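First comes the structure, then the notes that go with it.
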Amino acid sequence: MKKHISGRLIRLFSILLVTMTVIIGLLFSVIFTRQTEDLHVEEMTHRGQVIQETLTDYFSTDTRTQRGASGNHSGMMGYGAYLNFINQIAGDSVWVVDKEQNTLLKGHHNSTDTDIPIPSTAEKLVAEVYQTKQSVVEKEGSLLQLNAVTSALPIIIDNEVVGVIVMYSEVAAIHQNQANGYLILLVSLLIALAISILVSVRLAKGFTAPIKEMESYTNALIAEKYPAPLAIHTEDELNELADRLSILRDRLEKAEKARISKEQNEKEFLSQISHELRTPVMVMKSSLEALTDGLVDSPEEQKNYHEQLLKEAGYLERLVNDLLELSRLQAVGFSLVKEEVDPLIIIEDAVRSYRLKLAEKQQEFIFDNWLTAPVYIEGDQGRLTQLIKNLLENAHKYSEKNAKIELLLESAEDQLHIQLSNPSSYPVSLDKAELFQAFHRGDRSAIEEGTGLGLAICQQIVQRHSGTIVLENTDDKHVIVDIYLPIKK
């Protein structure tokens with residue numbers, strides 16, 4: 001079953017929100033309970049201090065002296081009513097006892113109940129107060145909940161404890177108020193949780209929308225379809241990933257076009273090879289059949305047939321050699337043996353091989369050396385010599401008699417510039433890129449001998465030396481070949 005990232009995000013957000021809700025609820029309940037209980041104890045202590053100050057004045061010697069017995073009784077009854085009034089409001093029970101636990105005064109929040117016994121914990125607290133003359137508070141309850149609070153405060157006259165105020169409070173009402181608060185908190189958390197989950201769903205879908213768009217875009221690329229560049233404006237890693245996908249799309253499209261072009265070129269190449277091989281083979285076969293069948297009797301005709309066979313065999317040899325050379329140069333694993341080479345030696349070797357051919361057509365060769373200092377290039381001397389020979393072969397072959405063939409050598413910044421120019425009586429009608437393809441021989445391919453592989457081999461040699469080669473046809477019917485090779489520093 002396919003899992004969606006949006007569902008995973010929603011589940012993770014929901015689990016996180018529920019966990020945070022539970023943690024917040026627990027922390028709030030603990031803190032709220034402790035805070036409420038502390039406030040109750042503090043309030044109870046404050047009331048006890050007020051009662052303590054009032055009863056201290058009542059129990060003072062000067063006050064008792066100024067009162068008679070009836071006045072004393074009336075005062076005690078007045079303070080009892082005061083205690084009842086205080087505790088009806090506060091909800092506490094109060095006793096004033098002596099050291100033997102005898103009740104001197106008492107007041108309860110329920111005035112009808114006059115027989116409420118003093119708490120059992122009061123005895124220990126009263127004894128401790130008489131001993132230390134300090135107020136004492138004792139809490140009853142569990143770790144997380146307070147059930148009751150007992151407080152004992154001394155009444156001190158002339159540095160003697162004459163009575164102890166005992167206050168007892170049950171905190172059931174506090175727990176009821178806390179329960180109401182917890183209910184409000186629970187409802188609030190549930191509402192906040194529901195809203196947060198809805199928001200998380202919206203955010204998760206918004207987050208995964210660009211991912212789904214990139215998924216569709218990737219599926220299109222897998223299907224070899226190339227849609228417009230992907231536009232995602234999130235300004236984060238997703239935006240960068242979309243840019244990478246757009247770059248990948250451009251490269252895949254170029255690779256697809258290159259693959260189609262390569263396949264077409266290979267088909268054309270095979271077709272051209274078949275044609276180039278078929279013609280001399282057919283000529284050789286027909287000539288051999290004629291000689292074998294005795295159709296050619298005269299020695300002179302037999303000599304002509306033999307010369308034709310030798311010529312076709314030579315052409316086949318050149319074609320096979322050129323094909324092998326081109327295949328080696330195009331092979332990825334083939335590497336040249338490079339060394340420090342003087343370009344003047346290369347040109348001298350190449351020109352020496354063609355002086356006789358140039359003289360046969362009465363063609364003039366002009367060499368312009370504009371180098372002001374010796375320069376060297378890193379390369380394969382044999383392949384570079386072959387490069388110049390192929391260019392001289394084309395210049396010699398496609399130039400008329402008495403033509404001037406010029407070769408220029410100069411340095412251009414950190415590159416060696418070799419330029420070969422020759423007049424041509426025909427325009428270069430093919431595309432410049434096609435001229436460097438195999439078996440393309442221009443407009444005079446029907447009347448000039450050649451395999452059509454020379455410029456293709458030249459281009460491969462130049463590229464193997466990290467250089468560039470360009471062929472131009474000027475308005476004055478000159479063909480110019482410019483070669484740039486890096487100079488060794």
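The values are calculated or read from the model by the stated rules, or taken from the named source; none is laboratory data. The structure presented is a predicted model; accordingly, all values stated were derived computationally and were not measured. We place every Cβ from the backbone using ideal geometry, glycine too, and count neighbours over all the protein chains shown.
Among the residues of the stretch 13-44 satisfying the criterion of being among the acidic types (Asp, Glu) and surrounded by fewer than 12 Cβ atoms within 10 Å (Cβ to Cβ), which is modelled with the lowest pLDDT?
Of the stretch 13-44, the ones among the acidic types (Asp, Glu) are 37-38, 42-43.
Within this subset, residues satisfying the condition of being surrounded by fewer than 12 Cβ atoms within 10 Å (Cβ to Cβ) are 38, 42.
On the way: 38: 78, 42: 82.
Step by step, filter the stretch 13-44, then rank; the result is 38.
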(request) Would you tally the residues in the stretch 227-257 being surrounded by 14 or more Cβ atoms within 10 Å (Cβ to Cβ) and either part of a loop (DSSP other than H, G, I, E, B) or in contact with a Cys (Cβ under 9 Å, 6 or more places away or on another chain) (or both)? (result) 3
(request) Identify all residues within the stretch 404-418 that are closer than 18 Å to residue 393 by Cα and surrounded by fewer than 16 Cβ atoms within 10 Å (Cβ to Cβ); write none if there are none. (result) 404
(request) List every residue pair whose Cβ atoms lie under 7 Å apart, where the two residues are 6 or more positions apart in sequence or sit on different chains, the first residue falls within the stretch 18-47 and is outside the structural domain of residue 153 (by TED's automatic domain parsing) and without any contact (Cβ under 8 Å) to a residue 40 or more places away in the chain, and the second residue, located anywhere, is among the hydroxyl-bearing types (Ser, Thr, Tyr) and loosely packed, with under 15 Cβ neighbours inside 10 Å. (result) none
(request) Report yes if some residue within the stretch 179-187 is farther than 30 Å from residue 315 by Cβ, small (Gly, Ala, Ser) and part of a helix (DSSP H, G or I); otherwise report no. (result) yes
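Quick one: would you say residue 94 is assigned to a strand (DSSP E or B), at pLDDT below 85 and assigned by TED's automatic domain parsing to the domain that holds residue 28? Walk me through it before giving the result.
Working: assigned to a strand (DSSP E or B): yes; at pLDDT below 85: yes; assigned by TED's automatic domain parsing to the domain that holds residue 28: yes.
The answer is yes for residue 94.
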(request) Please go through the stretch 193-243 and pick out each residue that is in contact (Cβ under 8 Å) with a residue 12 or more places away in the chain and at positive phi. (result) 224
(message) List pairs: first residue in the stretch 454-483 and closer than 12 Å to residue 391 by Cβ and part of a helix (DSSP H, G or I), second residue of a type in the set (Ser, Thr, Tyr) and at pLDDT 85 or above anywhere in the structure, Cβ distance under 9 angstrom, at least six positions apart or on different chains.
(response) 462/468; 462/484
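Would you confirm, using the coordinates I've provided, whether residue 279 is surrounded by 11 or more Cβ atoms within 10 Å (Cβ to Cβ), assigned to a helix (DSSP H, G or I) and touching a helix residue (DSSP H, G or I) at 6+ places or on another chain (Cβ under 8 Å)?
Working: surrounded by 11 or more Cβ atoms within 10 Å (Cβ to Cβ): yes; assigned to a helix (DSSP H, G or I): yes; touching a helix residue (DSSP H, G or I) at 6+ places or on another chain (Cβ under 8 Å): no.
No; evaluated as a whole, the condition is false for this residue.
Among the residues of the stretch 121-163, how many are within 30 Å of residue 27 (Cβ to Cβ) and touching a Phe, Trp or Tyr at 6+ places or on another chain (Cβ under 6 Å)? So that I can check it myself, show each step before the final result.
If we filter the stretch 121-163 for residues that are within 30 Å of residue 27 (Cβ to Cβ), which is where we start, we get 137-151.
Checking the rest, the ones that are also touching a Phe, Trp or Tyr at 6+ places or on another chain (Cβ under 6 Å) come to 150.
Here the count works out to 1.
Can we say residue 210 is more than 30 Å from residue 138 (Cα to Cα), part of a loop (DSSP other than H, G, I, E, B) and outside the structural domain of residue 23 (by TED's automatic domain parsing)? Don't jump to the end; show me each part of the working.
On the way: more than 30 Å from residue 138 (Cα to Cα): yes; part of a loop (DSSP other than H, G, I, E, B): no; outside the structural domain of residue 23 (by TED's automatic domain parsing): yes.
Taking the combined requirement at face value, the residue does not satisfy it.
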(request) Of the conditions (1) assigned to a helix (DSSP H, G or I); (2) without any contact (Cβ under 8 Å) to a residue 40 or more places away in the chain; (3) out of contact with any His (no Cβ under 9 Å at 6 or more places or on another chain), residue 287 clears all except one; give me its number. (result) (3)
